[in-house]
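Step one of this worksheet: look at the structure below.
Any read-out appearing in this document is the output of simple, stated calculations on the displayed coordinates, not a laboratory observation. Model, not experiment: these values are computed from the prediction. Note that each Cβ is placed from the backbone with ideal geometry, even for glycine, and that neighbours are counted across all protein chains shown.
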Amino acid sequence: MKYGLWISLAIVLTSSVYAALPGDSASGKRLHDANCMACHDTGVYTRKDRTVQSMDALKHQLGGCSHMAQKQFSASQTQDIIKYLNDQFYHFQ
């Protein structure tokens, strides 16, 4: 019984941490699909040797990708993309 309670609590807390990240994940997905998928598919986020291992690295990588793709995202668009990528693939806190 206690073990189940701890698992439930962990799930609730983990879900609320992800939800607390600012941004609009649905908008981030639309931006991602329209701008990022021309260079790569989502497999780069799930491969074993991925280079992004932290939230800071994710933000840095998005900045580099934006520069290489010659895309200018607003601060809110950038946050939306980060939220989408984190919600969908990374799950950083």
(request) Could you tell me which of rounded, prolate or oblate describes segment 15-64, using a ≥ b ≥ c as the square roots of the eigenvalues of the alpha-carbon gyration tensor, with rounded for a/c under 1.5 and, failing that, prolate when a/b is larger than b/c and oblate otherwise? (result) oblate
(message) If neighbour count is taken as other Cβ atoms inside 10 Å, put Asp49, Asp56 in order from fewest to most.
(response) Asp49, Asp56
